[in-house]
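Since the structure comes first, as structure tokens, the remarks are kept for the end.
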């Protein structure tokens, strides 16, 4: 596709349930990022992949959050035992190379809006 | 104190006005400075980036960085209703490998016809 694709666009779940959010980056982009944007706030970094490996997962808030990118393309963000405080828009971004990320040229998807009741 | 501070607005201006958007930051390690525009229910899109101090101009947009004051600005000339959006400043540092961005909370701009 032309841009970063995220599914689902909206997800409503109940407290305690498990959720998976998918990101399909721009073809050929090796770096992939997950950010979380709460209402009225800027995006907050969660995790960054270079290829298949998580190069930096320092932003994951706790061990209920996990992300994978098994083939170096599509990534899945997994949230276990969801809590109401997890409600936010989860943004995925990709970039060509680390050097391009140096200039902040991340290409963002439209996000997955998660609501935990 | 958050690493990046940004007034959330909203900032309301008439069409044609010059708009000034600003951020302050506390981390002296930040070296790359970016402005993103985010329309409602969309992802952020990069408007401009600058490295270290100085000015950069692109059409109606000018970005300024003053590292000595830890202050960055985005100016929009001849503002248009289509400029109505949330403007996010973002920064990155060498010690994070430039791979992570720290964002401000965004300023909502409303340009009325």
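At a glance:
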| quantity | calculated |
| --- | --- |
| Residue among B:21, B:47, B:88 with the largest mean-square fluctuation in a Gaussian network model of chain B, springs linking Cα atoms under 10 Å | B:47 |
| Helix-derived mean residue ellipticity, 222 nm - over the protein assembly as shown, DSSP H n ≥ 4, -39500 (n - 2.57), to 500 | -500 deg cm²/dmol |
| Descending semi-axes in Å of chain A, equivalent ellipsoid built from Cα gyration tensor | 23, 14, 13 |
| Averaged over B:100-110, number of beta-carbon atoms from partner chains that fall within 10 Å | 4 |
| Peptide A:105-111 - average C-beta neighbours from other chains (10 Å radius) | 5 |
| Bins of 5 Å, starting at 0 and running to the largest distance - Cα pair percent for the protein assembly as shown | 1, 7, 15, 18, 18, 17, 12, 7, 3, 1, 0 |
| Radius ratio Rg over Rh of the stretch B:5-113, counting only Cα atoms, Kirkwood formula for Rh | 0.96 |
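Only the coordinates and a few stated rules stand behind these numbers; no lab work does. Because the structure is a prediction, the values reported are computed rather than measured. Heads up, the Cβs are rebuilt from the backbone with ideal geometry, glycines too, and the neighbour counts pull from every protein chain shown.
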